[in-house]
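Notes follow the structure.
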Amino acid sequence: MLAYARERFPQATFVKEDVAEYLGPDGRRYDRVVFNACFGNLFDPLAVLRHVSRNLLADGGLIVISHPLGRDWLRGLQKRDPQMVLHDLPGHAEVDQMLKEVPELSVELLEDETDYYCLVLRWPLCSRLASGIRLTVEVNAPDTASQWLLCDLMKIYQYYWLGKDAEPGLPRSADRVLRQSFLAIKSAGLQKKILDCVTSLYRSETKPYLGEVQKLLRVAATTKTDKDEARYVAAVCALKPELFLLVPPFCGNPPCILLRDPPTGFELWYEKLPQRCSQTPEEEAMRNLRESISAGRLSTMRKVIDELYADRIEPTLNEVQERLRDRGWSYSDAQQAVLLYACQKDTYDLTKPTQNKQIVVLLKEPPRSFAGWAEGAGIIPKVSTTMESGFKSLLAAGRAPALRGGVAGAAQALQNISPQGSLGELRALLRVFILRGLLEYRDDELVPTVVLLKDLDTLRQAPPRTPERKKSPGRIYSQI
């Protein structure tokens, strides 16, 4: 298998090692470590997590634990072969235990659907640089030393791109120690510009996020070289800890550059909210957030919830965020949607998250035509006999589309050719067929099992039914 993989992907490096003991060559660290459809097979997942995060993961790196078929499929495999699948996928309680074992990690994303699972954990951005350890790296060396120092230091601080091999024809530079005195001469001008930008943001009461500082540098730049300097802001700030404090991203906020010595008279940003005697600080913050939402966004948020009610799909936070992103919202804006809904208490009611259950955004006054959800987390759906027979007839006639993209994608494909039934009812129909063993996953596609194929053959061989004609109630006239 390794020989085939090396032949198929010659640019990648393949090794056969125990992940619980593997150390990258020459202390190499990686910005992404992905466990795809294999985390449940590990003998000791917590030990592996500790080793990977502390010995293989770069600063700011991500650990991705995913399974394309989800928890239910893995549990079925575990019942059939308990020696192969040793552990279930981590739920909320297991993730909390992971964070106790490795408190440096933080949760970036947790999607635990019936047919899909993804957990993303992040290691802090500047933990190792702040500890003062000696950096020994293996990188590509450009033509000049100054370019190498600036460019690769940025990669070390922001992403730790140490997993790339040298391109053909370029020399390799190994075991180099960054010399701050040399870099200080080359970056003195940029350091002064960064300090001026951050100070101006302080005075304008704007939080100095990394993107805001880079934007000011590009606006003030007169040449292309000056504009390119904005890419090295984090690198220069990392070498001047006596001037700057780099705050890693957290809770959806981008990285921030703070001054060790703020300007005179500076007050913290979050303490500048106006005070009212009739409202608590929490209520005041919610009011300010509510007033900051534009009318267009309010309309989009309401349309998303109305659509989910019409589709009879429970409006979990994941469903709401996905539909907001489909309507043009950025990922970070969609992540803050729960706050935007929470501050509109007169319209929406948010249910508290429980184990294996997400936050659900409900309407205070649901539509009169609402007939309940067609499916829900942890609930076995109920579908009508008419929908079951109609779906089987569609499969028997060969007119069914390719059922790809999990239950959600397959239901959407069915609705495109057969508008009968809501999207939630079609999802429930597919889940019922999967639970009964009539449909199964083959790669990324749902296909009929042997049991369903026999039913389809019987359905094709059955003679077509002709509707009985009703007798006419009219009179029969005869001639005498």
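Laboratory data are not the source of any read-out in this text; all were calculated from the coordinates shown. Every value quoted in this text rests on a predicted model; they were computed, and no experiment measured them. As a convention, Cβ positions derive from the backbone with ideal geometry for all residues, glycine included, and neighbour counts pool all protein chains shown.
Applying 1/(1 + (r/R0)^6) with R0 = 51 Å to the Cβ-Cβ distance of L258 and L298 gives a FRET efficiency near 0.95. With the cut-off at under 19 Å, measuring from each backbone N in the range 80-120 to a point 7 Å along the Cα-to-Cβ line of T449 picks out 80-82, 114-116.
The overall shape of the range 288-363 is rounded: from the C-alpha gyration tensor, with semi-axes ordered a ≥ b ≥ c, the ratio a/c is less than 1.5. Between L46 and T199, the distance separating the two model label sites (each 7 Å from Cα on the Cα→Cβ line) works out to 5.1 nm. With neighbour counts taken as other beta-carbon atoms within 10 Å, the residues M98, M387, M84 rank, fewest first, as M84, M387, M98. Going from the fewest other Cβ atoms within 10 Å to the most, the residues K364, K303, K392 appear in the order K364, K303, K392. Packing, taken as the mean count of other beta carbons within 10 Å per residue, orders the peptides 449-456, 225-232, 195-202 from highest to lowest as 195-202, 225-232, 449-456.
When the Cα convex hull of the range 324-452 is projected onto planes of every orientation, the mean area is 10.1 nm². At full extension, S418 and Y441 could sit 6.1 nm farther apart than now, given 0.36 nm per residue minus the alpha carbon distance. Classify the range 1-114 from the C-alpha gyration tensor, please: rounded if a/c falls under 1.5, else prolate or oblate depending on whether a/b exceeds b/c. Because a/c hits 1.5 or more and a/b fails to exceed b/c, the range 1-114 counts as oblate. Amide H contacts of G61 (H built 1.01 Å from N, in plane; Pro and chain starts excluded): W123 sit under 5 Å, all sequence-distant by 5 or more or on other chains. Fully extending the segment from K100 to S332 would add 80.9 nm, taking 0.36 nm per residue of separation and subtracting the current Cα-Cα distance.
A Förster radius of 56 Å combined with the Cβ-Cβ distance from T354 to T13 puts the calculated FRET efficiency at roughly 0.80.
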